[in-house]
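All remarks here apply to the structure that follows.
Here, each number is a calculation from the coordinates, and none is a lab measurement. Predicted model, so just to flag it, every value in this text is computed and none were measured. Glycine also receives a Cβ, built like all others from the backbone with ideal geometry; neighbour counts cover every protein chain displayed.
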Amino acid sequence: MEHTIEVDPCGGTSRRAFLAGSAALAGSTILAPARAEAAQDAAPAARTGLAHSDAGMVTSPHGLASQAGLEVLKAGGNAIEAAIAIGAVLSVTYPHFTGLGGDAFLVISDRDGNVRSFSGIGQAAAEAPGYSGSIPLRGPGAALTAAATVAIWDRAFAFSKSLWGGTQSWSTLLARATEYAANGFPVTPSQCFWQEFRAADLPAWSGFGRVFAPEGRMPKPGEMFRQPQLARTLDRLATQGGREFYEGDLAGRLAAGLAQAGSPLRASDLARCQAREEVPLRVAYRGGELLGLRPPTQGVTTLEIMGILDRFDLSGVPEGSADYYHLLVEAVKLAFLDRNRYVADPDFVDVPVARLLSRPHLDAQAQRIRMARAMPWPHVYQHGDTVYIGAADREGRCVSMLQTVYFDWGSGVVVGDTGVLWHNRGASFSLDPASPNVLQGGKRPFHTLNPGIYLKNGRPRLLYGTQGADGQPQTLAAVLTRMIDYGMDPLAALGRPRFLLGKTFSDSRDSLKLEQDAGRQVFSELAARGHQLSPIPAQSQLAGHPGAIRIGPKGQLAGAHDPRSDGRALGL
């Protein structure tokens, strides 16, 4: 069973309650700042519903962020502009999972299915240090890659202006984030939990306590929390533009703060950090196409899983049955073996994406699955925390986006006087010379993030993505099959029981974690096939926080964010 050690986070809520799902921590509303306190009482019910609209929609894991995106759409902004506003607010209100010091990714499409992807991965310091034994998971030694979130916003904003006729100013898109950093926002139960959960580690994190435990005390859920240094940083970005983070006075302060903390990153590393615009990968699925990001992300892994599943007729497999879970888990295993063998920075190694997504390879992978017996699975778990953002505007243009600081709270290093918490994605590099992901100066690390878009008849029909590192392809396999194969609306698909194969932060076994509401019969049948099972509570945080928006043939929108999260979808 899942570990249930009581840690009494956030004023009496136990770790067991947290892992049982966000409902256990829903006592504090997080949807409005002081200026809109009257909306708080109604917010939890709204957060858990299915949103509908014909004119535009957003979804994110935090109500204030979704509101910021909706404001942009109401003002005539497009989906990219809304996504930037949402991402900026999340960098303030969900600091344990995302921030200016992290990485980000977008997949975008217009109404006619012209799809592009934007990859924002900070590269390793040019003078990558030599590590003895292993790369540190926290601290300045883990802050060894540049941060590309702001570069993604900047690149996407320029694309919006030139090709989508964007009307919103850059400063407008950062305004709500700056406001919440300066004036405060109600702390979420999620932030409080992860701060308490890491309490023993916090004193060693450079600058962390000064920002996130002002006056020596961690804030409680619902308490107003301010980040004045981050507000000044956001204001500087708003007035000077996105490249200020990499080449301006702010970049100089960031470089000085990183060096002072002991990070190997220098000003020249920040200046070299750029977002990339790329042609996304594609795989056929049920008469449509799933599109994802190129390596070094595991977008190819999600597409390989779905390509394998496309070889099976799910119309004869009851959703939620033992056959259903077994088939998805076995497809995940096969794709993960390919991922760990090949996926890394294609600037440094050959990644055979065409072969991995080819018809012969997917056929062969599907033929390896035995419905009566599980394949063995001893494997390394990839940790990570992330936020999903989806946006669709009245012109049919849409964005599927993820932002991350890798582990909860990233490296733990708050850089100088900027208020920026730096990520630790560089910790995912290997020191094994035989690994495709071995650490090298200037190299981009393997990334778990992979938001996506599903096209049908050449037009976007689904936007989707999730938090969860190794869990991302697994969660997406469940969510996508439920929406595409079984016709569920986003809320129904997101709320159904899910699984996670491999280790977690609380369970070091390479077992199959499955939410208990999958049912006793399912557990019994899966165990009989050889799956090593570890039940986890229904609506567990371990199952990820996906979001999804469905786009109908006539532009009608339906969206939701995972009921396990603090998020919500909002429609015009």
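For this structure, a couple of remarks:
- If R0 is taken as 41 Å, the Cβ-Cβ distance between Glu247 and Gln532 corresponds to a FRET efficiency of 0.20.
- In nm, spacing of pseudo-spin labels at Asn114 and Leu202 (7 Å Cα→C-beta vector): 4.9
- Under 5 Å, built H, 5+ apart or other chain: amide partners of His447: Thr297, Gln298
- Order by protection proxy (mean Cβ within 10 Å, highest first), peptides 330-341, 468-479, 165-176, 93-104: 93-104, 468-479, 330-341, 165-176
- Spin-label proximity, Asn457 to the range 266-300 - amide N less than 18 Å from point 7 Å beyond Cα toward beta carbon: 285-290
- Stretching Ser358 away from Thr167 to a fully extended chain increases their span by 64.7 nm, per 0.36 nm per residue minus the current alpha-carbon distance.
- Cα shape, the range 292-339, gyration tensor, a/c 1.5 rule: prolate
- Cα gyration tensor, the range 81-215 - rounded (a/c under 1.5), prolate or oblate: oblate
- Estimated from the Cβ-Cβ distance and a Förster radius of 25 angstrom, the FRET efficiency linking Lys554 and Lys74 is about 0.70.
- Spacing of the modelled spin labels on Ser430 and Asp313, each 7 Å from Cα toward Cβ, amounts to 4.0 nm.
- Look at the Cα gyration tensor of the range 365-487: its axes a ≥ b ≥ c give a/c of at least 1.5 with a/b at or below b/c, and that counts as oblate.
- In order along the range 291-296, the Karplus-derived 3J(HN,Hα) couplings, from 6.51 cos²θ - 1.76 cosθ + 1.60 at θ = phi - 60°, round to 10, x, 7, 7, x, x Hz, and Gly and Pro are given as x.
- Restricting the range 477-572 to trypsin sites (Lys or Arg not before Pro) that sit in a DSSP loop and have at most 10 other Cβ atoms within 10 Å of their own Cβ leaves Lys554.
- If you plug the beta carbon distance of Ala256 and Arg373 into 1/(1 + (r/R0)^6) with R0 = 60 Å, you get a FRET efficiency near 0.55.
- Pairs of Lys in the chain closer than 30 Å at Cα, counting only those 8 or more apart or on different chains: 13
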